[in-house]
Amino acid sequence: MDFKLAGYKDYERIASLHTHSWKMLYQDFLSPQYIDLDIMAERRVLWQTRLINPPFNQHVLMLEEGGLLCGFICAFGNHDFEKGTFIDALHVDPNYLKRGLGIKLISQLSQWVMKYFPNNGIYLHVIKNNNRAVRFCENLGGQLVQERIWTSPCGTQIPEAVYTWESAAGLFKSTIRHESRANCIPLS
């Protein structure tokens, strides 16, 4: 698998994976019309806009295997004065789930934050009822600091949880520990 910085030509593939992920994970939270008719067009515009003229603090990293997009992460460095760098999106293709790709993407992002925003923490928002995302954050040592309501692109009000890591270095160490445990093979 190879990491690659996203460029403008990648917007369609990222939008497609983002759409597929939302349809799979958020079908109980988003309006049926948005999921069936609007989501791909809206995600396409979002990623086209983000990648045509990205701000200096935007980092979009893709993970590919044989040219296929397996996952991506998007963050905005030093986004919040108190919480630091914001992870706006982290999605893994359903065919590649449970292979540690989310951990690998978070690990690479943590290194980017340590290099360019060394005094920053990291934070993200997850849908409160997205148990997989909540477990992921908690397994990596994320601290639940706030619950809030997100107004989705289709206008649905959805409860969210905000998780933070005090430092990128701390999050990076958590990813290393997690990868080490995943790579251990029991002898008996």
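The values are calculated or read from the model by the stated rules, or taken from the named source; none is laboratory data. Computed from a predicted structure; not experimentally measured. Please note: Cβ atoms are built from the backbone with ideal geometry, for glycine as well, and neighbour counts cover all protein chains shown. Note: accessible area is taken over every heavy atom of the protein model, side chains too, but ligands, DNA and RNA are not part of it. Shrake-Rupley method; radii C 1.70, N 1.55, O 1.52, S 1.80 Å.
Before moving on, here are some points about what is shown:
- Sole exception among (1) without any contact (Cβ under 8 Å) to a residue 60 or more places away in the chain; (2) under 21 Å from residue 23 (Cβ atoms); (3) surrounded by 14 or more Cβ atoms within 10 Å (Cβ to Cβ); (4) out of contact with any Pro (no Cβ under 7 Å at 6 or more places or on another chain) for residue 128, by number: (4)
- Unique residue being charged (D, E, K, R), part of a helix (DSSP H, G or I), free of Cβ contacts under 8 Å to residues at least 40 places away in the same chain and open to solvent by 50 Å² or more (accessible area, probe 1.4 Å) when the list is 50, 99, 135: 135
- Residue in segment 10-17 that is surrounded by 14 or more Cβ atoms within 10 Å (Cβ to Cβ), in a strand (DSSP E or B) and β-branched (Val, Ile, Thr) present: no
- Among the residues making up segment 104-121, those that are out of contact with any Phe, Trp or Tyr (no Cβ under 7 Å at 6 or more places or on another chain) and closer than 19 Å to residue 166 by Cβ are 106, 109, 112, 113, 115, 116, 117, 118, 119, 120.
- Output for segment 53-79, where each listed residue is open to solvent by 70 Å² or more (accessible area, probe 1.4 Å) and in a strand (DSSP E or B): 65, 68, 78, 79
- Within segment 102-132, being of a type in the set (Lys, Arg) and either at positive phi or part of a helix (DSSP H, G or I) (or both) holds for 104, 115, 132.
- Residue check, residue 150 of a type in the set (Phe, Trp, Tyr), touching a Leu at 6+ places or on another chain (Cβ under 9 Å) and either modelled with pLDDT of 90 or more or open to solvent by less than 40 Å² (accessible area, probe 1.4 Å) (or both): no
- Some residue of segment 24-43 being within 17 Å of residue 75 (Cβ to Cβ), in a helix (DSSP H, G or I) and among the basic types (Lys, Arg): no
- Restricted to segment 29-42, and to residues there that are among the charged types (D, E, K, R) and in contact (Cβ under 8 Å) with a residue 24 or more places away in the chain, the residue that is surrounded by the most Cβ atoms within 10 Å (Cβ to Cβ) is 42.
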